[in-house]
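Written below as structure tokens is the structure these notes are about.
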Amino acid sequence: MEAQVREKVRGQCDVLVIGGGPAGTTVAPLLAEKGYKVVVLDKARHPRFHIGESLLPANLPLFERLGVADEVRALGMVKHGAEFVSPCHEHSQVFDFAEAWDKSMPYAYQVPRAEFDTVLLKNAVRKGVEVHEGCKATAVEFVSDDCVVVQAEDEAGPREWQARFLVDASGRDTFLANRFRIKHRNPKHNSSAIYAHFNGAVRHEGMAEGNITIFWFEHGWFWFIPMMNDVTSVGMVTWPYYMKTKGERSLEQFLMDGIAMCPPLAERLKMASRVTEVEATGNFSYVSERNHGRNYLLLGDAYAFIDPVFSSGVWLAMNSGVIGAEAIDTCLQQPARAGAALKRFDKLMGHGPREFSWFIYRVTNPIMRDFFMYPKNIFRVKEALLSVLAGDIFGKTPIWRSIKIFKLLYYTANLIQPKRAFMGWKRRRFNIRKVDDPAVYNA
């Protein structure tokens, strides 16, 4: 029987979005509301499993703006704060969002990403976005400043879209960054994550039940994220050298062995049972050389990802969708102002990762750990720090003077304790060094 040649299906739109995660399903409906024809291609079909279940208070106003606040509230576990547990301190430390500089955002949610992402995708459809699930983008050609052609494939065969503007919201697939060869391992950070969901984990009582807990241990840190229906997400974020010690052990055994090294976490999981497969993500931290061109943008994780310790991923992705929609609207409606709009987009895209990464790069340092475990509100630095943890870094909350004072206090503490500071720096250099083991970077 002769092979049948499937005819390529062609379509046109104003804006083509690759990826149906939080970034893509934020930028798409915002542009559709402005009257643009927007198409979203998502290689997966929803619902689908994803990590990144812990949201930030700064997300809440955006849920209202998108019209999904009630739906997110229905599936979310209320999270009033974040708890830090250190093996070097006898107490745990809780940061309540209600104590942040801006008291109007006292909580966030922990959500099952499969359901949360589906809510956002369906909202995009309601707003007039044309969504194609199970459709994977395979190639791109930038024909001119106002014409991009994307090749894709779904179960029906090859497809092709011609758009005026392209948005890469493909997450860790980094569709454009890979093709442009501009994605690089972050030289300032390097980690991998191994994770699963559990039932029966011990939770705190009362308002603290939904708090995320960060457990430091010798080789990195763990997240403990309580969600609805007795589901708890547990993940081990660790350094390449420790990933290399996995050897012949299964991922399941490797995760459980790591948990055993963290007694406070092991205690909370002693009666728990795992309800999902254990998965891993290697080479967790990366950055791209640029996030835009004349007629394309890279949003969220398609541009860069540092580390999940402060639960910033979903917020930065969705906020990039907001600023991305503003930039695209200007580029399409006022071409003469496109350069300025893209310059502003680039500045805002760099702001979030830069502010979070300063803390992320130092959070395992013994001196910084002391700052977290013994917070002081001198010059309102604790309130400012809580605002950063809440994601309140893009608005008008006047936290930056206090953040500068916090950093000055940290650097001063390093000068006062030079030996401890040097050993912390030396240990971090050891932690983030590249390990020549393919299993570490392709876990």
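Odds and ends about this structure:
Table: residues versus (1) touching a helix residue (DSSP H, G or I) at 6+ places or on another chain (Cβ under 6 Å); (2) closer than 30 Å to P61 by Cβ; (3) open to solvent by less than 10 Å² (accessible area, probe 1.4 Å); (4) of a type outside the set (S, T, Y).
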residue: W358; (1), (2), (3), (4): no, yes, no, yes
residue: M373; (1), (2), (3), (4): no, no, yes, yes
residue: L386; (1), (2), (3), (4): yes, yes, yes, yes
residue: D392; (1), (2), (3), (4): no, yes, no, yes
residue: W400; (1), (2), (3), (4): no, yes, no, yes
residue: K419; (1), (2), (3), (4): no, no, no, yes
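- The numbered conditions (1) surrounded by 19 or more Cβ atoms within 10 Å (Cβ to Cβ); (2) in a loop (DSSP other than H, G, I, E, B) are all true for V314 except (2).
- Filter result for the condition that a residue is part of a helix (DSSP H, G or I), open to solvent by 10 Å² or more (accessible area, probe 1.4 Å) and touching a helix residue (DSSP H, G or I) at 6+ places or on another chain (Cβ under 6 Å), over E71, E64: E71
- Within the range 1-22, the set of residues being part of a loop (DSSP other than H, G, I, E, B), within 17 Å of V150 (Cβ to Cβ) and at pLDDT 95 or above comprises G19, G20.
- For the range 349-377, taking the residues that are aliphatic (A, V, I, L, M) and part of a helix (DSSP H, G or I), the one that is nearest to F215 (Cα to Cα) is identified as M373.
- The range 131-165, residues that are open to solvent by 70 Å² or more (accessible area, probe 1.4 Å) and of a type in the set (D, E): E141, D145, D146, E153, E155
- Those residues of the range 235-264 which are assigned to a helix (DSSP H, G or I), under 30 Å from P187 (Cβ atoms) and of a type in the set (G, A, S), in sequence order: G258
- The range 83-101: number of residues that are at pLDDT 95 or above, among the charged types (D, E, K, R) and part of a loop (DSSP other than H, G, I, E, B): 0
- Of all residues in the range 265-282 being within 25 Å of the chain's Cα centre (by Cα) and outside any loop (DSSP other than H, G, I, E, B), the one that is modelled with the lowest pLDDT: T281
For (1) at pLDDT 95 or above; (2) within 19 Å of R164 (Cα to Cα); (3) in contact with a strand residue (DSSP E or B) (Cβ under 6 Å, 6 or more places away or on another chain), each residue gets a yes or a no:
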{"position": "V287", "(1), (2), (3)": "no, no, yes"}
{"position": "L297", "(1), (2), (3)": "yes, yes, yes"}
{"position": "G300", "(1), (2), (3)": "yes, no, no"}
{"position": "Y303", "(1), (2), (3)": "yes, no, yes"}
{"position": "G313", "(1), (2), (3)": "no, no, no"}
{"position": "Q333", "(1), (2), (3)": "yes, yes, no"}
{"position": "A338", "(1), (2), (3)": "yes, yes, no"}
{"position": "V363", "(1), (2), (3)": "no, no, no"}
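- Filtered by the rule that a residue be within 19 Å of F217 (Cα to Cα) and open to solvent by less than 60 Å² (accessible area, probe 1.4 Å), the range 265-280 gives L265, A266, R268, L269, A280.
- Those residues of the range 317-337 which are touching a helix residue (DSSP H, G or I) at 6+ places or on another chain (Cβ under 6 Å) and open to solvent by 20 Å² or more (accessible area, probe 1.4 Å), in sequence order: T330, R337
- Note on the range 174-204: residues that are surrounded by fewer than 22 Cβ atoms within 10 Å (Cβ to Cβ), modelled with pLDDT under 95 and not in a strand (DSSP E or B) amount to 4.
The values are calculated or read from the model by the stated rules, or taken from the named source; none is laboratory data. Note that the structure is a prediction, hence the values are computed from the model and not measured. Note that each Cβ is placed from the backbone with ideal geometry, even for glycine, and that neighbours are counted across all protein chains shown. Keep in mind that these areas ignore ligands, DNA and RNA; they rest on the heavy atoms of the full protein, side chains included. Shrake-Rupley method; radii C 1.70, N 1.55, O 1.52, S 1.80 Å.
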